[in-house]
Amino acid sequence: MNVEVNTSIRENYGAHAWDGVGSCPQRWKNKGGEDWVILNAPSIEDATHFVSSYIVGGDDNYFEEDVVGAKEVPVTHRTWIEECSNKMDLNSRVEWADRYSRFPTNKLMAV
């Protein structure tokens, strides 16, 4: 099955002026997200786990990214950005069999 997995990115504006002492100020702002298509995934759950474990960036006081949705899609499916640009974004598509060669270490930032 092909699965579209959507992430949400947030930035903590309070952390920019933080001196590292005490608790970090919390002023989170939504900054968009990424849409990934995992091709030939065994299940929605497996595709979601892969994206959350190997693609999304690590969370810290300044930045966080989380999976917010996933659904099965047909092979002809286009993500929102692909529909807007009217072209396929091959960087957002990951073949299940090649996922670890493309993202060999845990917690890489999205390309």
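Between beta-carbons, use under 10 Å as the cut-off and find the net charge around residue 33, counting Lys and Arg +1, Asp and Glu -1.
Summing Lys and Arg as +1 and Asp and Glu as -1 gives -2.
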Give, in nm to one decimal, the length gained when the segment between residue 13 and residue 63 is fully stretched (0.36 nm per residue of separation minus the Cα-Cα distance). 17.1 nm
Once the Cα gyration tensor of the chain is diagonalised, what are the square roots of 5 times its eigenvalues, in whole Å and ordered largest first, as equivalent ellipsoid semi-axes? 29, 16, 11
With charges set only on the Cβ (+1 for Lys and Arg, -1 for Asp and Glu), what does the dipole of the range 32-109 come to about its Cα centre, in debye to the nearest 20? 320
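Which order, highest average first, do 66-75, 20-29 follow once you tally other Cβ atoms within 10 Å for each residue and take the mean per peptide? Mind showing how you got there, number by number?
Numbers: 66-75: 13.5, 20-29: 10.1.
Ranked from most to least packed, the peptides come out as 66-75, 20-29.
So how much slack lies between residue 49 and residue 31, counting 0.36 nm per residue of separation and subtracting their Cα-Cα distance, in nm? It would help to have the intermediate numbers written out before the result.
Details: separation 18, 0.36 × 18 = 6.48 nm, distance 2.20 nm.
Here the answer is 4.3 nm.
Hey, fewest Cβ within 10 Å first, where do 1, 88 land in order? Intermediate values should be presented prior to the final figure.
On the way: 1 16, 88 12.
Taking fewest neighbouring Cβ atoms as first place, the list is 88, 1.
Out of all DSSP beta bridges with both ends in the chain, state the antiparallel percent to the nearest 5. Mind dumping the intermediate values first?
Working: 17 of 20 bridges.
The antiparallel proportion sits near 85 percent.
A short reminder: the numbers here are calculations on the coordinates, not readings from a lab. These figures come from a predicted structure and were not determined experimentally. So basically every Cβ, Gly included, is an ideal-geometry build from the backbone, and we count neighbours across all protein chains shown.
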